[in-house]
Amino acid sequence: MAKEGQTDLATIVRESAGTKGLPPVDLWDPPYCGEIDMRIAVDGTWFYQKTPIGRPALVKLFASVLKREGDRYFLVTPVEKCGIEVEDAPFLAIAMQVESRSSEQVLRFVTNVGDEVPCGPEHPLRFEPETGTGGLKPYLLVRRNLWAKVTRALFYDLVELGEVRSVDGVRLYGVVSRGEFFAMAPVDNFMDID
């Protein structure tokens, strides 16, 4: 049972059921109804009332009505909006396929909620410094200002596919997909690269 001023999961599921494809949450501007005790952990696990949600179909349904406004995340239906906590990125990129099409490399990612995302100008990669380690954290834009953190194993695959390019006079190491170069860092930050 939800507390007064809070929505329960049954209401969100009921109001979102029956939609095909992704709902147009970016067009919905319902009233804010408070916070719901839901959290997406750093490892991509979704929790409701501190318990992991074990049904992948339910997680996928919630992911389809997820919206980001500034630094806040909400589950949105046409009639209400409930805040949730996201520890890092709402999704994880867990698989990648490298395709070659007429001499153009395309990196296709799959997220932990089943999104298939071709990396390119509409779905860029970005690389953020990792606090305390000097390493990088890669992210892929999935949809509507929602990003997926690329798993460490896939990051190693991206490094293997990387190349050096000069951008504005700076030699950068990065990866190419759909004709777009996504810089990871200056070449000096990578060992054994000429």
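Looking at the range 86-102, is at least one residue more than 17 Å from the chain's Cα centre (by Cα), within 19 Å of His123 (Cβ to Cβ) and touching a residue at least 40 places away in the same chain (Cβ under 8 Å)?
Yes - at least one qualifying residue is present in the range 86-102.
State whether the residues of the range 9-21 include one that is modelled with pLDDT of 95 or more, at negative phi and surrounded by fewer than 15 Cβ atoms within 10 Å (Cβ to Cβ).
Restricting attention to the range 9-21, the residues satisfying the condition of being modelled with pLDDT of 95 or more are none.
No - not one qualifying residue is present in the range 9-21.
Looking only at the range 135-149, decide whether some residue is farther than 16 Å from His123 by Cα, surrounded by fewer than 16 Cβ atoms within 10 Å (Cβ to Cβ) and not small (Gly, Ala, Ser). Give the steps one after another, and end with the answer.
Let us first name the residues in the range 135-149 that are farther than 16 Å from His123 by Cα, namely 135-137.
If we keep only those that are surrounded by fewer than 16 Cβ atoms within 10 Å (Cβ to Cβ) as well, we get 135.
Restricting the remaining residues to those that are not small (Gly, Ala, Ser) gives none.
No, there is no match, as no residue in the range 135-149 is farther than 16 Å from His123 by Cα, surrounded by fewer than 16 Cβ atoms within 10 Å (Cβ to Cβ) and not small (Gly, Ala, Ser).
Just to verify a result, which residue in the range 92-143, among those that are touching an Asp or Glu at 6+ places or on another chain (Cβ under 6 Å) and assigned to a loop (DSSP other than H, G, I, E, B), is nearest to Ser177 (Cα to Cα)?
Of everything passing the filter in the range 92-143, Gly120 is nearest to Ser177 (Cα to Cα).
From Arg68, Arg55, Arg39, which residue is among the charged types (D, E, K, R) and in contact (Cβ under 8 Å) with a residue 60 or more places away in the chain? So that I can check it myself, show each step before the final result.
Values: Arg55 fails: in contact (Cβ under 8 Å) with a residue 60 or more places away in the chain; Arg39 fails: in contact (Cβ under 8 Å) with a residue 60 or more places away in the chain.
Sole residue among the options that is among the charged types (D, E, K, R) and in contact (Cβ under 8 Å) with a residue 60 or more places away in the chain: Arg68.
Among the residues that make up the range 166-179, is at least one of them surrounded by 14 or more Cβ atoms within 10 Å (Cβ to Cβ), in contact with a strand residue (DSSP E or B) (Cβ under 8 Å, 6 or more places away or on another chain) and under 21 Å from Lys60 (Cα atoms)?
no
Quick check, is Lys81 exposed (fewer than 15 other Cβ atoms within 10 Å of the Cβ) and free of Cβ contacts under 8 Å to residues at least 60 places away in the same chain? If you could, list the steps in order and put the result at the bottom.
Details: exposed (fewer than 15 other Cβ atoms within 10 Å of the Cβ): no; free of Cβ contacts under 8 Å to residues at least 60 places away in the same chain: yes.
So Lys81 does not fit the description; no.
Going by what's in this entry, would Glu69 be described as surrounded by 15 or more Cβ atoms within 10 Å (Cβ to Cβ), out of contact with any Leu (no Cβ under 8 Å at 6 or more places or on another chain), more than 18 Å from Phe182 (Cα to Cα) and among the acidic types (Asp, Glu)?
Numbers: surrounded by 15 or more Cβ atoms within 10 Å (Cβ to Cβ): no; out of contact with any Leu (no Cβ under 8 Å at 6 or more places or on another chain): yes; more than 18 Å from Phe182 (Cα to Cα): yes; among the acidic types (Asp, Glu): yes.
When the stated conditions are applied, Glu69 does not pass them.
Can you name the residue in the range 127-186 that is without any contact (Cβ under 8 Å) to a residue 12 or more places away in the chain and polar (S, T, N, Q) and is also farthest from Ala93 (Cα to Cα) among such residues? Outline the logic, then answer.
Step one: of the range 127-186, the residues without any contact (Cβ under 8 Å) to a residue 12 or more places away in the chain are 128-135, 152-153, 156, 160, 166, 168-169.
Pick out the ones that are also polar (S, T, N, Q) and you get 131, 133, 166.
On the way: Thr131: 20, Thr133: 21, Ser166: 28 Å.
Among them, the one singled out is Ser166.
Checking Asp157 against (1) charged (D, E, K, R); (2) modelled with pLDDT of 95 or more; (3) surrounded by fewer than 14 Cβ atoms within 10 Å (Cβ to Cβ): exactly one of these is not met. Which one?
(3)
The values are calculated or read from the model by the stated rules, or taken from the named source; none is laboratory data. It should be emphasised that the depicted structure is a prediction, and the values quoted were computed from it without experimental measurement. All Cβ positions, even for glycine, are placed from backbone atoms using ideal geometry, and neighbour counts span all protein chains on display.
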